Amino acid sequence: MNVSIVGTGYVGLVSGVCLAAKGHHVTCYDINNKVVDSLNNGICQIYESGLQALLTSVLKDDRFTAKLISDTTFFASDIIIIAVGTPSDNGKIDLSYVKQVSESIGKYIKSNKNFVSVVVKSTVVPGTTDTVVRGIIEENSGKTLGQFGIGMNPEFLREGNAIQDFMEPDRIVLGHDDPKTLKQLQQLYEPWNCDKIAVNTRTAEMIKYANNSLLATQISAVNELANIVASIGDIDIMDVMDAVHMDKRWSPILPNKTRIHPEILTYLIPGCGFGGSCFPKDVQALQSLAHEVGVKPRILDAVLKVNEKQSYQIIELLKKSLLDLKNKNILLLGTSFKPGTDDVRESVSLKIIEYLLINKAKIFVHDPVAIKNTKIIFSSHKNLKFLKTWTEALSSVDAIVVATKWPEYKQLSSLNYQDILAGKIILDARRFYSPTDYPKSIYLTIGRSVNN
Ligand code: NAD
């Protein structure tokens, strides 16, 4: 198929390159000419494992192009996918990019004789596709639904694992409000052999929010348990959770007595809270929608409240050991919101840096790929130094906070560094290590009292 994708960020680019790799002819549009130029020169503007190689391959096979969008863009495709950002505007979903794109598409549909389906892939609250998007297209095209189609195909890829998630999804949701669009979506995803669920666009929109809200709820629930445990004393939350995970409803036992350890269990490990470009804004958007439809979202309120406070646990733990953080040298390892990405949007590490700066600590920061994006947020500050290698400041700091589980930080616990780390604080914000990994240091973590 000829496919147009509007918005070429983490979702649009991965979707475009993967659809092209499966044999479609894809044109990705963006408003940012730097993105377009970079892609046409064969360079990915974002870091995602495997993406650069796949981009090179689809460009070589002439199945992928990037173009700048304009008010007179001629999309020349059977299907137009919207993948622009839907950020948070004080908790409420900001649909301005979606609206802007819908207007351009509506103008194109006006001048185009062929049937085209407009499919929203951006995460949007239920009712957006069949009211806002449809309404703007009808207004700008002078046509009604049926003369064009609308669909909603939520995206479940996770940054850091995006190519595999897109290529081998657990299910594909084919949201549609007209039969022709369902056919187009079925054709688009024909090369994928997985469960495909055909629902209306509102249901498709809600599936994404239900998915993310439940995952975020698990994280806040386990973080609350961890905080209770830390205050009781003489309990390590990981000893508790390891046993909880063994409940066969979480990790089923097969007939041959081996266990399945589903990935869902990684959302039941405590830490310094969830961040990223999806969970915080999606839970907030659903919370805000709930109020609009007259429901008090008590659980979502609590999920967000627990999460908001969780990053501060790191500062409290540091203060318990170092007392005053002023002029203390702290090494922060990891600024991306999770390993495998350069995305720092809503990253908990950024909040930790802010708190440390307020407390006048001297901070050394390292991340394998996200320093460029971190520097955009923190303009030069005399107490903030960005490191090329994480080992260079080990000997001069008072405490090391490991905030992102980048595999290379596992080496910190190797014997090579035990002497350098003697007497220093290791603050494991993600339960990345075992408490016995640092016999010569002061090991602090979430869900374990300081005196344990
Ligand atoms: P992003 O910010 O990385 O990319 C959005 C792109 O859209 C940018 O390149 C921007 O320049 C472009 N854009 C903005 N306005 C435009 C316009 N008028 N015309 C053309 N291009 C325009 O965002 P993202 O992370 O890819 O997220 C996109 C959507 O997908 C969001 O709704 C998000 O919630 C959802 N989503 C994201 C992820 C994820 O892991 N990032 C996963 C699932 C769903």
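The values are calculated or read from the model by the stated rules, or taken from the named source; none is laboratory data. What you see is a predicted model, and the numbers here were worked out from it, not measured in a lab. FYI the Cβ positions are ideal-geometry reconstructions off the backbone, even for glycines, and counts take in every protein chain you see. All accessible areas refer to the heavy atoms of the entire protein, side chains included, with ligands and DNA or RNA removed. Shrake-Rupley method; radii C 1.70, N 1.55, O 1.52, S 1.80 Å.
Scanning region 306-347 for residues that are within 24 Å of the chain's Cα centre (by Cα), open to solvent by 20 Å² or more (accessible area, probe 1.4 Å) and touching a residue at least 40 places away in the same chain (Cβ under 8 Å) returns V306, Y312, Q313, F337, K338, P339, R345, E346.
The set of residues in region 398-452 that are among the charged types (D, E, K, R), farther than 25 Å from I235 by Cβ and exposed (fewer than 15 other Cβ atoms within 10 Å of the Cβ) comprises E408, K410, D419. Step by step: first the residues of region 122-166, then only those that are charged (D, E, K, R) and under 15 Å from the mean Cα position of the chain (by Cα), then the one that is nearest to C18 (Cα to Cα). Which residue is that? Among residues in region 122-166 that are charged (D, E, K, R) and under 15 Å from the mean Cα position of the chain (by Cα), the one nearest to C18 (Cα to Cα) is D165.
Scanning region 166-176 for any residue that is within 16 Å of the ligand (Cβ to nearest atom), of a type in the set (F, W, Y) and out of contact with any His (no Cβ under 6 Å at 6 or more places or on another chain) turns up at least one such residue.
Summed over region 137-156, the residues that are within 16 Å of the ligand (Cβ to nearest atom) and either surrounded by fewer than 20 Cβ atoms within 10 Å (Cβ to Cβ) or small (G, A, S) (or both) give a count of 3.
Identify, please: which residue in region 342-371 is among the basic types (K, R) and under 27 Å from L304 (Cβ atoms) and is, among those, nearest to the ligand (Cβ to nearest atom)?
In this case the residue turns out to be R345.
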